[in-house]
Amino acid sequence: MKSIKNLALLSLVAAFIMLLTSCATTKGNNEGKSVKYIVANHYFVNNTVNRPIQEKVTDQATFDKLFGMAAVMGKNGLPTPIDFNKQFVIAVSEGVVNNLTEYEPVSLKADGNQLVFTYKVEKGKHIDYSMCPLLMIVVDKKWERDVRFVAE
C-alpha cells in the first residue's frame with residue numbers, strides 16, 4: 001500500500017514538472033519572436049482622412065477609404081502589391097505636418113496574442129508647405145492579431 005502511494009506521488013510530481021517545462025517552452029517560443037514584413041511604397045493618406053493613423057487594416061474596402069496609390073515613373077515605380085486574402089497592413093501617420101518628417105520601421109515582434117510594431121520618427125526643420133508622412137508595412141495573415149504601436 002505504501003509503495004502505491006509513493007508511486008502515485010512520484011507520478012504526480014513528474015506530471016507537474018512536465019507541465020511546467022511545457023509551459024515555459026511554449027512561452028519562450030512565442031514571446032518576442034521577430035515577424036517578417038515588407039515596407040509598402042508609393043501610397044498616400046487620402047485627403048478625406050483628417051486624423052492620425054495607427055491601424056491594422058485587413059480588407060481592401062477599409063484600405064481604399066484610408067489610402068490611395070501614388071505610382072511614379074521609372075523602375076520600381078508601382079505601389080507595393082497587397083493581397084488582403086493573404087496579407088494585412090499596419091500603417092502609421094500623424095496626419096498633416098509642417099515639418100520634414102520621416103518614419104522608419106524598427107521591428108515587428110509577436111508577443112503572446114499581440115504584435116508590437118516599433119518605429120522611429122525623425123522630425124526635421126519647419127517647411128513652408130504641408131505634408132502627410134506615412135509608414136505602411138505588409139504582413140502575412142498568419143500573424144494577424146491586435147497591434148501595439150511603439151514610437152521611438
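Database remark: amide H of Glu144 closer than 5 angstrom to no amide H (H placed geometrically; neighbours at sequence offset of 5 or more, or on other chains; Pro and chain starts carry no H). If you average the alpha carbon positions of region 91-131 and of region 45-82, how far apart do those two centres end up, in angstrom? Their Cα centres are 15 Å away from one another. The C-alpha atoms of region 23-112 occupy a region whose extents along the principal axes are 50, 29, 26 Å, arranged from largest to smallest. Amide H contacts of Lys33: Ala110, each under 5 Å away and 5 or more positions distant or on a separate chain (H built 1.01 Å from N in the peptide plane; Pro and chain starts excluded). Figure note: Tyr119, Tyr103 ranked by solvent-accessible area, largest first, 1.4 Å probe, ligands and nucleic acids not counted: Tyr103, Tyr119. Taking every protein chain into account, the 1.4 Å probe leaves Ser34 with about 80 Å² of accessible area, to the nearest ten. Calculated from the alpha-carbon coordinates, region 94-152 shows an Rg and a Dmax of 13.9, 44 Å respectively. Surface calculation, 1.4 Å probe, protein heavy atoms: Ile90 sits at approximately 0 Å² accessible.
Close amide H pairs (under 5 Å, H built 1.01 Å from N) link Tyr43 with Ala70, residues at least 5 positions away or on another chain.
For region 67-75, 3J(HN,Hα) computed residue by residue from phi via the Karplus equation (6.51, -1.76, 1.60; θ = phi - 60°) reads 10, x, 8, 10, 5, 10, 6, x, 4 Hz, glycine and proline entered as x.
The values are calculated or read from the model by the stated rules, or taken from the named source; none is laboratory data. Keep in mind that this is a model prediction, so the values were computed, not measured. When the accessible area is computed, the model is the full protein with side chains, heavy atoms only, and any ligands, DNA or RNA have been set aside. Shrake-Rupley method; radii C 1.70, N 1.55, O 1.52, S 1.80 Å.
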